[in-house]
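A.B. asks: Shown below is the structure under consideration.
The values are calculated or read from the model by the stated rules, or taken from the named source; none is laboratory data. Please read all numbers here as calculations on a predicted model, not as lab measurements. In case anyone asks, the SASA skips ligands and DNA or RNA and just uses the protein heavy atoms, side chains included. Shrake-Rupley method; radii C 1.70, N 1.55, O 1.52, S 1.80 Å.
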Amino acid sequence: MGRFISTRERQRVADTVARHARSAAREPSRERIERQLIIGTVLDPSLGIIDDAVDRAEPDGALERELLFDYLTDVLYRKLASITGDGFSLRVLTDADPVDLVRAYASKAIRGGWQQVRRERARRTIVTDSADLLTSPTAHHHLPPDEIVAQRMMAPLMRRMDALQDDASASDWDIARLQADSIQEIRGLPAVTTPCNRVRRHLMELFDDPGEAETLEVLITTTLSAQRALATGRPQAEHLLLDDDLMVLWSGWGADAVDALVGNDVREAVALVKAAVMFPPRPSERELVEFRRFLRTLSHRPGWATLSARLARTWVAEWFTARNPHDRVSSPAAAEENRQAIARQWATVVREVLAFEGHPLGAGIHDAETIHRRLWRQYEYMTGLIARAS
């Protein structure tokens, strides 16, 4: 059955969906954006539609739950966003109860999520086995030279890299993440944990300064050495002096994983850390306008219009770079100074959003991190829509 949703709440959702559907019908050029606003209403975490469907599937452990949740989120986004025959028509969205409609579709669609789970488990097994082949002392007796094996593994990844680098819209952030993914897949390494924003900003200052390359390498190899010592239960006194927020980078890394990384070119470790700490590029003005518009629609209570604009402004300052990659006008130093001034208001805005009556971002929002994840998920989807519409 899922969690209880009151008649009043159902009516609010139905009225909001109908309003956006009518707007799309009057102005077909706005249908993509209006559907995005419908998605924000129907998939509001407080309704629990996705969570309920995943719970009913009875996933075994956190990995299965995460995979099913991501799969179902993507399927529902596509179904609600599509303006072709494979999506919900505007008439269906207005004639039916939107909550029941999407709940029923989620219950049916979740079956496909198990294929995603099986593929992911198979992928992890293949990656681990391939890494073992590369590092096993006896591999040379049964396989071609390591270099040939590595080239075969890298070929599809390099094709992805070439395609991304040829994409004019791809940012340094996109390329850095793909580089890190490639290293992880080839070496069979765990992910590097993204530290707090304070550490991220500090490390990015080092990355942006060519004169600090050696400092970065020393810092990264020192933290890896400390993580190995901790993993084997033999920490040294100097390791205990390292910043805990910096050591978060290697959370969950065992001695074998550290050895697999440090046994290769130090630039691989540097690339992994850079991808983990880089901030995505500042949104374009068009993206900012649409994102502010979306946030404003989440509540009609007095004060939300102003607070939602401040939320968008401070969130971008806290979680993105100071400039958009296509900005060739503003001064980098002035843009960064402005970003810092705005970002200092982030904590205050977070408190105001959490205290705002009606919880516009959803009932599951309880701190700065959950606010960020909620906004990021919506932003990623919205920018995808804008890109396809361009």
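A.B. asks: In the stretch 315-371, how does Rg compare with the Kirkwood Rh, expressed as the Rg/Rh ratio over alpha carbon atoms? List each step's numbers first, then the result.
C.D. replies: On the way: Rg = 14.3 Å, Rh = 12.9 Å.
When Rh is taken as the Kirkwood radius, the ratio is 1.11.
A.B. asks: According to the square roots a ≥ b ≥ c of the eigenvalues of the Cα gyration tensor, what is the shape class of the stretch 1-94, taking rounded for a/c under 1.5, prolate for a/b larger than b/c otherwise, and oblate for the remainder?
C.D. replies: It is oblate, given that a/c is not under 1.5 and a/b is not larger than b/c.
A.B. asks: Top to bottom by accessible area (1.4 Å), largest first, where do Asp327, Asp265 land? It would help to have the intermediate numbers written out before the result.
C.D. replies: Details: Asp327 45, Asp265 65 Å².
I get Asp265, Asp327, largest accessible area first.
A.B. asks: Give the distance, in whole Å, between the Cα centre of the stretch 50-113 and the Cα centre of the stretch 302-318.
C.D. replies: 29 Å
A.B. asks: Give the shape of the stretch 193-232 as rounded, prolate or oblate, defined through the alpha-carbon gyration tensor: a ≥ b ≥ c are the square roots of its eigenvalues, a/c under 1.5 means rounded, and otherwise the shape is prolate if a/b is larger than b/c and oblate if not.
C.D. replies: oblate
A.B. asks: Over the Cα atoms of the stretch 45-84, what radius of gyration and what Dmax do you get, in Å?
C.D. replies: Looking at the stretch 45-84, its Cα Rg and Dmax stand at 11.2, 36 Å.
A.B. asks: With a ≥ b ≥ c taken as the square roots of the eigenvalues of the C-alpha gyration tensor of the stretch 190-296, please select rounded if a/c is under 1.5 and otherwise prolate if a/b is larger than b/c or oblate if it is not?
C.D. replies: Because a/c hits 1.5 or more and a/b exceeds b/c, the stretch 190-296 counts as prolate.
A.B. asks: Please compute the Kirkwood hydrodynamic radius over the stretch 269-350, one decimal place, Å, based on all pairs of different Cα atoms.
C.D. replies: Answer for the stretch 269-350: a Kirkwood hydrodynamic radius of 14.0 Å.
A.B. asks: Something else now. For Cα pairs less than 8 Å apart in space and 6+ apart in sequence, what is the mean separation divided by the residue count of the stretch 279-390, i.e. the relative contact order in percent?
C.D. replies: Computed over the stretch 279-390, the figure is 28 percent.
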